[in-house]
Amino acid sequence: MSTESAEKMTNGSSHRASVFLHNHVRVRLALLLSAPLFWLVLVYIAALVALLVTAFWTVDSFTGIVRTDWTLDNVITVLTGSLYQAVTLRTVGIALLVTVVDIVIALPIAFFMAKVASARLQRVLVIAVLMPLWASYLVKAYAWRSVLSHDGIFQWIVQPFGGNTPGYGLPGAIIALSYLWLPYVILPIYAGLERVPNSLLEASGDLGASTWRTLRLIVLPLLWPAIIAGSIFSFSLTLGDYITINIVGGANQMLGNLVFTNVGAANNLPLASAIALIPILIIFVYLTVVRRTGALNSL
Amino acid sequence: MKLSKSSRVVLGVVTGVILAVIYLPLLVVLINSFSTSRSLTWPPPGLTLEWWGRAFQSEGALDAILTSVQVAVVATLVSLVLGTLISIALQRYKFFGRDAVSLLVILPIALPGIITGIALNNAFRTILGIQLSVYTVIIAHVTFCIVTVFNNVIARLRRMGTNLEEASADLGAGIWTTFRLVTFPQLRSALLAGGLLAFALSFDEIIVTTFTAGNGVTTLPIWILQNLFRPSQAPIVNVIAVVLVVISIVPIYLAQRLAGAETVPRARG
């Protein structure tokens, strides 16, 4: 801003501050960043680092109080214990399956919403997909318990065709988890498809490409970051879940259950922290791998 | 690419079936809220309004709703401020460590809730020696609500560009005036959308909440978890779920209208 026009404005300290900030980009940036970074680093990162450290501490078996004696026992237990290995494999397997199921379901509905439906229908569909997000997570998980129960609606629908409800167990957990995270996967993929210009699809068609070829060579590469963004949600949310598996998963345990028991009933925070390192490690590997695709910008 | 009529129809049918599956469990919840059966019997042996009457007199449920609203309102307001600040910094400035900061913002939702939960639980209790309370819940909720505000605001800032702000500065407006009269009005609907999502996220959060809530702090999800498996309370939980879904139509509709009014009508192929 020029000096004359600045002088024309009301004088005063707020004006002087404004001019000062206008001329000092670094100060402006520091002011913008200080509060949010203070929060995220001091609350969140500090807590994560503390968690990492706690994994190498021990708990006094007599008083139940955490002692700051350094030990590798917790980490060794978690890495070598057959229970932990089995549960880790099961959890990652469930998370991958849920992610695949969600992507397969999300692709056609997102494509219909973004490229086929009229503007009006599109708006209705977005609302229809968003609305279940407002229903309580617990109630939806519990609804699946009632749907999958042996005298529930699933049994009632499939029985005439000779089918049977999967009941409570791993299939039930995978169904319920896929259901819970589906909107989180549909929305980024839908947004990604919205960004694919129709002109590109028309050009591809005009140049003689079949629909499949256009989908494979034009749409999919452009959509990839959005698909990965959606997969981060379903994968990460499943990896940490311990409530849904309790409600519809029968006696099966996931990593979250082990963490939860060790924080609560067993009162062994160091061991719980060591177990928690597994999902952190998995997610970090996943994020590092997908970061190159630019997916993190479409979250 | 020209989709044939039949593939359009197939896509439409698939979409319809998916939506039906999405709404089936919600429908079951709705019907069960009228069912005379306390267990999960289908079809319901009979219908009753008893649970609806009892739900509106359930002090535990009403208190829990109030607690959840308080937590969600405070968490949303704090995350609106922090989320807006950090989006402006990341969108309008180039600085060393920018990538690290943007990764830091999304980390609380990229990492599973149980990690955030146990990390904060451990930090409060073991490291800082603080008693868990309603404030620790709010601190935890802000951490993962920032990102929803951030996503909405940064997308808007990207689309806005800087032309109007530069014009405002050229015409002599100071930083505050430009923010108040030029930037903020353009951000308003993005803030509303981000705020609504943050509110919803906080209102429904159970995992992080379980790990950070003090004794006696009962948010609605905690109350629901406590009562879900009690035969005398489960039908009331169904009623509350139905009421919440119905109420949620209003903010979703508003957010959609706001978003819709701003998108430029585009030609469809």
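Enumerate the pairs (first residue in segment B:229-242 and more than 9 Å from chain A (Cβ to nearest Cβ); second residue anywhere and among the hydrophobic types (A, V, I, L, M, F, W, C)) with beta-carbon separation below 7 Å, excluding pairs fewer than 6 apart on the same chain, so at least 6 apart or on different chains.
B:PRO235/B:TRP51; B:ILE236/B:TRP51; B:ILE236/B:ALA55; B:ILE236/B:ALA61; B:VAL239/B:TRP51; B:VAL239/B:TRP52; B:VAL239/B:ALA55
Have a look at A:LEU170, A:LEU125 and point out the one that is in contact with a helix residue (DSSP H, G or I) (Cβ under 8 Å, 6 or more places away or on another chain), surrounded by fewer than 22 Cβ atoms within 10 Å (Cβ to Cβ) and within 11 Å of chain B (Cβ to nearest Cβ).
Matching residue, one of A:LEU170, A:LEU125: A:LEU125.
So which helices (runs of 4 or more DSSP H) stay within segment B:157-216 end to end and still have 2 or more residues that are more than 13 Å from every other protein chain (Cβ to nearest Cβ) and closer than 24 Å to B:LEU244 by Cβ?
It comes to B:184-204.
Okay, residues lined up against (1) assigned to a helix (DSSP H, G or I); (2) within 14 Å of chain A (Cβ to nearest Cβ); (3) under 30 Å from A:GLN159 (Cβ atoms):
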| site | (1), (2), (3) |
| --- | --- |
| B:ILE31 | yes, yes, yes |
| B:SER37 | no, yes, yes |
| B:PRO45 | no, yes, yes |
| B:TRP51 | yes, yes, yes |
| B:GLN70 | yes, no, no |
| B:ALA75 | yes, yes, no |
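Quickly run through segment B:130-142 and pick out the residues that are among the hydroxyl-bearing types (Ser, Thr, Tyr), assigned to a helix (DSSP H, G or I) and touching a residue at least 40 places away in the same chain (Cβ under 8 Å).
The answer is B:THR136, and nothing else.
List the pairs whose first member sits in segment A:84-107 and is within 15 Å of A:MET254 (Cβ to Cβ) and not assigned by TED's automatic domain parsing to the domain that holds A:GLY249, whose second member is part of a helix (DSSP H, G or I) and at pLDDT 95 or above, and whose Cβ atoms are under 9 Å apart, counting only residues at least 6 apart or on separate chains?
none
Quick test for you: out of B:SER102, B:SER79, pick the one residue that is part of a helix (DSSP H, G or I) and at pLDDT 90 or above.
B:SER79
Can B:ARG125 be described as surrounded by 15 or more Cβ atoms within 10 Å (Cβ to Cβ), without any contact (Cβ under 8 Å) to a residue 60 or more places away in the chain and charged (D, E, K, R)?
When the stated conditions are applied, B:ARG125 passes them.
Enumerate the helices (runs of 4 or more DSSP H) found wholly within segment A:193-299, keeping only those where 2 or more residues are surrounded by fewer than 18 Cβ atoms within 10 Å (Cβ to Cβ), without any contact (Cβ under 8 Å) to a residue 24 or more places away in the chain and out of contact with any helix residue (DSSP H, G or I) (no Cβ under 8 Å at 6 or more places or on another chain).
Here the list reads A:198-206, A:220-239, A:269-291.
Output the number of the condition that A:PRO225 fails; it satisfies all remaining conditions of (1) within 13 Å of the chain's Cα centre (by Cα); (2) more than 10 Å from chain B (Cβ to nearest Cβ).
In the conditions (1) within 13 Å of the chain's Cα centre (by Cα); (2) more than 10 Å from chain B (Cβ to nearest Cβ), A:PRO225 misses (1) alone.
Return the only residue of A:SER149, A:SER178 being buried (at least 19 other Cβ atoms within 10 Å of the Cβ) and farther than 19 Å from B:ILE207 by Cα.
One residue alone meets the criteria, A:SER149.
Could you check how many residues of segment A:64-87 are part of a helix (DSSP H, G or I) and crowded, with 20+ Cβ neighbours inside 10 Å?
3
Just to check your reading of the model, which residue among B:VAL153, B:VAL81 is farther than 28 Å from A:LEU177 by Cβ and free of Cβ contacts under 8 Å to residues at least 60 places away in the same chain?
Matching residue, one of B:VAL153, B:VAL81: B:VAL81.
Which of the numbered conditions does B:LEU120 fail, given that it passes all the others? Conditions: (1) surrounded by 19 or more Cβ atoms within 10 Å (Cβ to Cβ); (2) more than 8 Å from every other protein chain (Cβ to nearest Cβ).
(2)
When you scan segment A:18-45, how many residues do you find that are under 23 Å from B:LEU80 (Cβ atoms), in contact with a helix residue (DSSP H, G or I) (Cβ under 8 Å, 6 or more places away or on another chain) and either of a type in the set (A, V, I, L, M) or not in a helix (DSSP H, G or I) (or both)?
11
On the given criteria, is A:ALA50 facing another protein chain (nearest Cβ under 9 Å), surrounded by fewer than 22 Cβ atoms within 10 Å (Cβ to Cβ) and either more than 30 Å from A:LEU193 (Cα to Cα) or in contact with a Lys or Arg (Cβ under 9 Å, 6 or more places away or on another chain) (or both)?
Considered against the rule, which asks whether it is facing another protein chain (nearest Cβ under 9 Å), surrounded by fewer than 22 Cβ atoms within 10 Å (Cβ to Cβ) and either more than 30 Å from A:LEU193 (Cα to Cα) or in contact with a Lys or Arg (Cβ under 9 Å, 6 or more places away or on another chain) (or both), A:ALA50 comes out as yes.
The values are calculated or read from the model by the stated rules, or taken from the named source; none is laboratory data. Computed from a prediction, not measured in an experiment: that's the story for all the values here. Quick reminder, even Gly has a Cβ in these numbers, built from the backbone with ideal geometry, and neighbours come from all protein chains shown.
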